[in-house]
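Novice: The following block contains the structure, expressed as structure tokens.
The values are calculated or read from the model by the stated rules, or taken from the named source; none is laboratory data. All values derive from a computational prediction rather than experimental measurement. Neighbour counts run over all protein chains shown; Cβ positions are idealised from the backbone, glycine included.
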Amino acid sequence: MKKVFILFLMFGSSQLFSQTLTFTRISPEIVIGDTTGFEIVSYGKLNPSITTQIRMIRTIEDLTIGWQPLGTSICNYNACYPPDADTVTATYTPAASDDTISIHFYVRDINYVFIHGAGRVRIRAELVSNPSVYLEQDFRAVTPLTIGIHQISTIVKDFSLNQNYPNPFNPSTKINFAIPKSDYVSLRVYDILGREVKVLVNENLSAGEYEVGFDAKGLSSGMYYYSLRAGEYVSVKKMVLVK
């Protein structure tokens, strides 16, 4: 009996580690919505080598302010799960017709007010039987218009974040930055307590120099910070609003 049990374990182990998985995004890299809808949907496809359970985990959710608290939902052939469900598990069969998953970005707030912006969700798909076998995909969505951003040059050597001008300002100012290669860019404004007050850029941009307008209408006078993140590059500068 002991020898048979050992052989069974060896066979089971061989089958376990021979499993493979493909995880592809079948929508465009960035899905552009419209001003009439409640959500923007991006689709992916899961295909394991044998019938098995796959666990989907939302590891990153980076959204424009206002898309919360609705946030995003993960959907599979069973259901669309609540935005607070970061982990979803289901059984998938090779080359099945129900292998499509979707990520839903809710672009209206709880009062059904449309909000311009952008968002990114990263999904990790792993085999429940062997979590070391996994793949990740980014799903991105933007509304039709990113307000106030203009590309002014395509020839750039290095990353940079310039001082806003004018500074001090009332109530609007401009911020220039440059990225030498295509990357996901985040440009955000924070108050002196470190609270985020505005997302100016939150999307994939091609290499170039950009100018972004910032309207501080509705904000109080004082010092603010703006932070640029692009890949490994991070830069923070101060600006002063005087009313």
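Novice: Looking at (1) surrounded by fewer than 16 Cβ atoms within 10 Å (Cβ to Cβ); (2) in the same structural domain as CYS80 (by TED's automatic domain parsing), which is the one condition that is false for ARG120?
Specialist: Condition not satisfied by ARG120: (1).
Novice: Output the residues belonging to region 84-98 that are modelled with pLDDT of 90 or more and either in contact with a Lys or Arg (Cβ under 6 Å, 6 or more places away or on another chain) or more than 30 Å from ILE65 (Cβ to Cβ) (or both).
Specialist: Within region 84-98, ASP86, THR89, ALA90, THR91, TYR92, THR93, PRO94 meet the criteria.
Novice: May I pose another question? Of these, ILE103, ILE123, ILE115, ILE60, which one is at pLDDT 85 or above, within 18 Å of ARG188 (Cα to Cα) and β-branched (Val, Ile, Thr)?
Specialist: Every option except ILE60 fails the conditions.
Novice: Could I ask something else about it? Can you find even one residue in region 217-239 that is of a type in the set (S, T, N, Q), closer than 30 Å to GLU29 by Cα and crowded, with 19+ Cβ neighbours inside 10 Å?
Specialist: no
Novice: Going through LEU161, LEU127, LEU135 one at a time, which residue ends up being farther than 30 Å from VAL234 by Cα and either touching a residue at least 60 places away in the same chain (Cβ under 8 Å) or within 18 Å of the chain's Cα centre (by Cα) (or both)?
Specialist: Being farther than 30 Å from VAL234 by Cα and either touching a residue at least 60 places away in the same chain (Cβ under 8 Å) or within 18 Å of the chain's Cα centre (by Cα) (or both) holds for just one of LEU161, LEU127, LEU135, which is LEU127.
Novice: Which residue out of PRO28, PRO94, PRO69 is under 23 Å from ASN204 (Cβ atoms) and surrounded by fewer than 17 Cβ atoms within 10 Å (Cβ to Cβ)?
Specialist: PRO28
Novice: Another question, then. Please go through region 136-171 and pick out each residue that is surrounded by 15 or more Cβ atoms within 10 Å (Cβ to Cβ) and under 30 Å from THR87 (Cβ atoms).
Specialist: Matches in region 136-171: GLN137, ASP138, PHE139, ARG140, ALA141, VAL142, THR143.
Novice: Having 3 or more residues that are closer than 30 Å to LEU46 by Cα, of a type outside the set (A, V, I, L, M) and modelled with pLDDT under 95 is the bar; report the strands (runs of 3 or more DSSP E) wholly within region 129-225 that clear it.
Specialist: Passing ranges, in order: 130-142, 183-191, 196-205.
Novice: Moving to a separate point now. Determine the pairs where a residue that is not assigned by TED's automatic domain parsing to the domain that holds ASN78, located within region 44-64, has a partner that is part of a strand (DSSP E or B) and surrounded by 15 or more Cβ atoms within 10 Å (Cβ to Cβ) with Cβ atoms under 8 Å apart, the partner being 6 or more residues away or on another chain.
Specialist: From region 44-64, no pairs qualify.
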